[in-house]
Amino acid sequence: MFFGIEWDTSSQWAFAVSIFPILLHGLVITLEATVVGFFIALALGLVLAALKSAPTRFIRWPAKLLTEFIRDTPLLIQLFFLFYVLPEFGLTLPAFLTGALALGVQYSAYTSEVYRGGLEAVASGQREAARALNLAPARTFTHIILPQAIPRIIPALGNYLVSIMKDVPVLGVVTVLEMLGVARIIGDRTGGYLIPLTMVGGIYLILTIIASLGVRYLDTHLPKRGLSLK
Amino acid sequence: MNNATEIRDATESSDPIIKFDKVVKRFGDHVVLDELDFEVQRGEKVTIIGPSGSGKSTVLRVLMTLEPINDGVVYVGGEPLWHQRRGDELIPAGEPHLREMRSHMGMVFQQFNLFPHMTVLRNLTEAPVQVLGINKAEAKKRGMELLEMVGLTDQADKYPHQLSGGQQQRVGIARALAMRPKVMLFDEPTSALDPELVGEVLNVIRSLADEHDLTMLLVTHEMHFARQVSDRICFFDQGRIKEQGKPEDIFTAPKEERTKAFLKAVLDPDD
Ligand SMILES: Nc1ncnc2c1ncn2[C@@H]1O[C@H](COP(=O)(O)OP(=O)(O)OP(=O)(O)O)[C@@H](O)[C@H]1O
Ligand SMILES: [Mg+2]
């Protein structure tokens, strides 16, 4: 029994059917961690991107160094830092939040590059034309640069959403009961690992295919020339 | 000289509207404008010609405040462009000063640089509404007038990519005019166009050249056109004006060897 749900070991089919709702409980945690981690990555990435294009190198360099550090170290290190080191300084976060935060921090390094790349890909002539017309820098950013950068940025962010989802099982090591962890526990208790693990693989496959189709849809349907302004 | 006379001088129409005073522009060690002295009178139509890399675009880009200078002073309407006055001194200009000065100039780019995500009409109204504070209806009305001037009223609701290159550049000209500049800068406005589309753009520029008050600074390789519309031709070489004068003089009787060689190369390239 798990999450108050009994499993039925009378046949393989019955077993699979009976553990499905248990796995869905895990799936909900997985999706929650994905979404929360993703939003942290979106916000933190924006901050990092802004710092990396700051006017002074005393801000730019530390931000770039931090990005490199995050990118070049395993997610598990960020996770352990947040889970074991922060409490040494008196800050203890719930396991789920710690996990989502670790995902967010890890992926902010990537999203910041997506933002930066997307903004830099807008032709320099666009900035020059805006300047020649005396448009204010803020207006240039929000109405000239951003609408042209977003169609490049969104599909790339979508790909990272999928990656985050696939990284969620790592949170199992800090006791977050996400879907793969649930499957393993079912295996531990029933002695049958093949079915729960295969089902988790199948669920992941379906989710990833759906997400990838979504990303591809965005990629082909977002206007390459920018979000149109009449 | 006290301030009062300075300001009166600045508004007197006999003064040059543009004046480069020993202007130096470098990219690294590469000197692109070499103590350039250059003046343009109000309403004058000046064409800059010269070999690639001689600094033609740089002159326009400096005027449009897209490229800062390293030394010397540029004056527009008697006011220093890249400097502002503090007492008798000239100090590097801040953004508010640059904004103010920029409003006198309009620029037409070789690559058009239209905003691809905005309709043609929106391209013409965005800056007037945001920068000049004109209300939307008024800006649209004025935008349509400008489109009529460049013969594109039927394209108002299209996006730039739906237009031919020649049409896009006509929109580019209209967009610059929408800000009511005193000086129009054209940097090779027809160089990116297929040959059959050059004429329609030149016709629009030609009609602008008839406007008495508008000062025009044109970089082009269209020598025949330059000869028709210009009051003066400046031949640039290595960041300086090597030779300048009336079109008929420059084109029929150039004095400098460099000018002769350049004109020979562009006028009959098959020799
Ligand atoms: N951003 C830059 N960085 C470095 N060098 C530059 C830059 N912009 C221009 N230059 C150099 O400055 C010189 C003058 O450039 P400019 O664009 O004014 O020439 P031009 O006379 O307009 O030539 P063209 O006929 O090819 O357009 C060239 O040698 C060019 O390579
Ligand atoms: Mg040039």
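The values are calculated or read from the model by the stated rules, or taken from the named source; none is laboratory data. Everything quoted here is computed from the prediction, not taken from an experiment. We place every Cβ from the backbone using ideal geometry, glycine too, and count neighbours over all the protein chains shown. Remember, those area values only see protein heavy atoms, side chains included, never the ligands or the DNA or RNA. Shrake-Rupley method; radii C 1.70, N 1.55, O 1.52, S 1.80 Å.
Taking the Cα atoms of segment A:12-221, what is the range of coordinates along each of the three principal axes, in descending order and whole Å?
71, 46, 23
For chain A, what does -39500 (n - 2.57) per DSSP helix run (n ≥ 4), summed and divided by total residues, give at 222 nm, in deg cm²/dmol to the nearest 500?
Value at 222 nm, helices only, nearest 500: -24000 deg cm²/dmol.
Taking accessible area as the heavy-atom solvent-accessible surface of the protein chains with a 1.4 Å probe, which residues of segment B:113-135 lose no less than 20 Å² upon going from the isolated chain to the full protein assembly?
B:ASN113, B:PHE115, B:PRO116, B:HIS117, B:MET118, B:THR119, B:ARG122, B:GLU126, B:ALA127, B:GLN130, B:VAL131
For labels at A:ILE154 and B:ASP249 in the simple 7 Å Cα→Cβ model, what's the distance in nm?
Here the modelled spin labels are 6.0 nm apart.
In Å², nearest 100, what accessible area do chains B and A bury in total when the solvent probe is 1.4 Å?
Details: alone 13640 and 13130 Å², together 24440 Å².
Approximately 2300 Å² gets buried when B meets A.
Taking the Cβ-Cβ separation of A:GLU68 and B:GLU196 as r and a Förster radius of 60 Å, what is the calculated FRET efficiency to the nearest 0.05?
My answer for the efficiency is 0.70.
Where the only charges are on Cβ atoms (+1 Lys, Arg; -1 Asp, Glu), what is the dipole of segment A:126-230 about its Cα centre, to the nearest 20 debye?
560 debye
In the protein assembly as shown, if the dipole is taken from +1 on Lys/Arg beta carbons and -1 on Asp/Glu beta carbons about the Cα centre, which of A:LEU79, A:PHE15, A:SER228 is farthest to the positive end?
Projecting each Cα onto the dipole axis, the largest value belongs to A:PHE15.
Determine the dipole magnitude for the protein assembly as shown: charges of +1 sit on the beta-carbon of Lys and Arg, -1 on that of Asp and Glu, nothing else is charged, the reference point is the Cα centre, and the result goes in debye to the nearest 20.
The dipole of the protein assembly as shown has a size of about 920 debye.
With 20 Å bins from zero, work out the P(r) of the protein assembly as shown over every alpha carbon pair and list the percent per bin.
For the protein assembly as shown, the binned pair fractions read 19, 38, 25, 15, 4, 0 percent.
Report the chymotrypsin sites (Phe, Trp or Tyr not before Pro) located in segment A:115-164 that are in a DSSP loop and have at most 10 other Cβ atoms inside 10 Å of their Cβ, or state none.
none
Enter the accessible area per residue of chain B (Å², integer; probe 1.4 Å; all protein chains in place).
Per-residue accessible area for chain B comes out at 46 Å².
With a 1.4 Å probe and all protein chains left in place, how much accessible area per residue does segment A:95-230 have, in Å²?
For segment A:95-230, the solvent-accessible area averages 45 Å² per residue.
Just going by the charge dipole of segment A:12-221, with Lys and Arg at +1 and Asp and Glu at -1 on Cβ, which of A:THR208, A:ILE153, A:SER53 is farthest out on the positive end?
Farthest towards the positive pole: A:SER53.
Distance between Cα centroids, segment A:51-111 to segment B:112-141: provide it in whole Å.
Their Cα centres are 43 Å away from one another.
Over segment A:131-230, what number does the Rg to Rh ratio reach, with both radii from the alpha-carbon atoms and Rh per Kirkwood? Walk me through the numbers before you get to the answer.
Values: Rg = 21.2 Å, Rh = 16.8 Å.
Taking Rh as the inverse mean 1/r over Cα pairs, Rg/Rh reads 1.26.
Take the solvent-accessible surface of the protein heavy atoms, probe 1.4 Å, and return the percent of it on the protein assembly as shown that carbon and sulfur atoms account for. Before the final figure, lay out the partial values.
On the way: 14150 of 24440 Å².
That fraction is 58 percent.
Name the residues of segment B:54-81 whose accessible area, probed at 1.4 Å, falls by at least 10 Å² once all protein chains are in place instead of their chain on its own?
SASA drop of 10 Å² or more in segment B:54-81: B:ARG61, B:MET64, B:THR65, B:LEU66.
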